[in-house]
1. Which ³J(HN,Hα) values, rounded to whole Hz and listed in residue order, are derived for the range 79-86 from phi using the Karplus coefficients 6.51, -1.76 and 1.60 in 6.51 cos²θ - 1.76 cosθ + 1.60 with θ = phi - 60°, glycine and proline given as x?
2. Can you tell me the FRET efficiency between Thr63 and Thr148 if r is taken as the Cβ-Cβ distance and R0 is 41 Å, rounded to the nearest 0.05?
3. I'd like the Karplus ³J(HN,Hα) series for the range 161-176: coefficients 6.51, -1.76, 1.60, θ = phi - 60°, whole numbers in Hz, and an x wherever there's a Gly or Pro.
4. Can you list the GluC sites (Glu not before Pro) in the range 47-94 that are in a DSSP coil and have 10 or fewer other beta carbons within 10 angstrom?
5. Given a cut-off of under 8 Å on Cα pairs at least six residues apart, what relative contact order in percent is computed for the range 20-80?
6. Within 10 Å, count the other beta carbons around each residue, average over each peptide in 102-114, 189-201, and list them highest first.
7. Do you know the relative contact order of the range 94-215, to the nearest whole percent, from alpha carbon pairs under 8 angstrom that are 6+ apart?
8. Taking the Cα centre of the range 42-161 as origin, work out the dipole magnitude from +1 charges on Lys and Arg Cβ and -1 charges on Asp and Glu Cβ, in debye rounded to 20.
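The values are calculated or read from the model by the stated rules, or taken from the named source; none is laboratory data. Since the model is a prediction, treat every value here as computed from it, not as a measurement. So basically every Cβ, Gly included, is an ideal-geometry build from the backbone, and we count neighbours across all protein chains shown. For the accessible areas, the whole protein counts, side chains as well, though only heavy atoms, and no ligand, DNA or RNA atoms are used. Shrake-Rupley method; radii C 1.70, N 1.55, O 1.52, S 1.80 Å.
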Amino acid sequence: MQVKPCPPMCREKQEVKRAQQPAVSGYVITYFPLRGRAENIRLLLGDQGATWEEEEVQISDWTSGNLKKEAVFGQLPKFKDGDFVLYQSNSILRYLGRKYGIAGGSNQESALIDMVNDELETKDKYEADLPNHLSAFERILSQNCNGTKYLVGDKISYADYNLLDLLQIHLALFPACLSSFPLLTAYIDRISSRPKLSEYLNSDARKNRPMMLKK
């Protein structure tokens, strides 16, 4: 019996059906029950339409159990992609950035994204001199399409999720901190309104996850 090829209309319906089915990623984020150092990873995954599992670790279990001993450098988050395990939030961001093609379209763009992302990690200096650092990112935005797009180039990168997360934290702590930075203010609104990212930001899982542990 000869199998007849699927006609074009049939193939189109099958492709649409496959596109509507969520992909099973095999991603697992192991972290404390808060946003913290894992939130920029969640922002990236949510915006890219990926699904993942949350493996929550209680502080008491972390300090008394073997998980801390097993963790590379004794830190979380831990990220699993199938059998592949990775630690350190920046390393995870870069890995996912390359995997989803949002780590720069050229060597120069990749270097600029790394530069911006590394500056986002200088937290002690950042918190002590917040206005100057906000000015630096306002200036970086202004140099790319007059601040109407992303940190680097015309495509979102993993550094944008890191910046968005940090700006949201600062707004929660200091609501008026962006009053003198119109480009950063518009940037938050623009990035947060991306459909898949907006869906994650408005999800119960996100809303119910505290920004930091309560004392």
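1. Running phi through 6.51 cos²θ - 1.76 cosθ + 1.60 with θ = phi - 60° gives 10, 10, 10, x, 8, 8, 10, 9 Hz.
2. In this case the efficiency is close to 0.30.
3. 5, 5, 5, 4, 4, 5, 5, 5, 5, 5, 5, 5, 7, 10, x, 9
4. none
5. Relative contact order here is 49 percent.
6. Working: 102-114: 16.5, 189-201: 14.9.
Result, highest mean first: 102-114, 189-201.
7. Numbers: 92 pairs, mean separation 28.1, N = 122.
Contact order relative to length: 23 percent.
8. Details: 13 positive and 20 negative charges, 46 e Å.
In total the dipole reaches around 220 debye.
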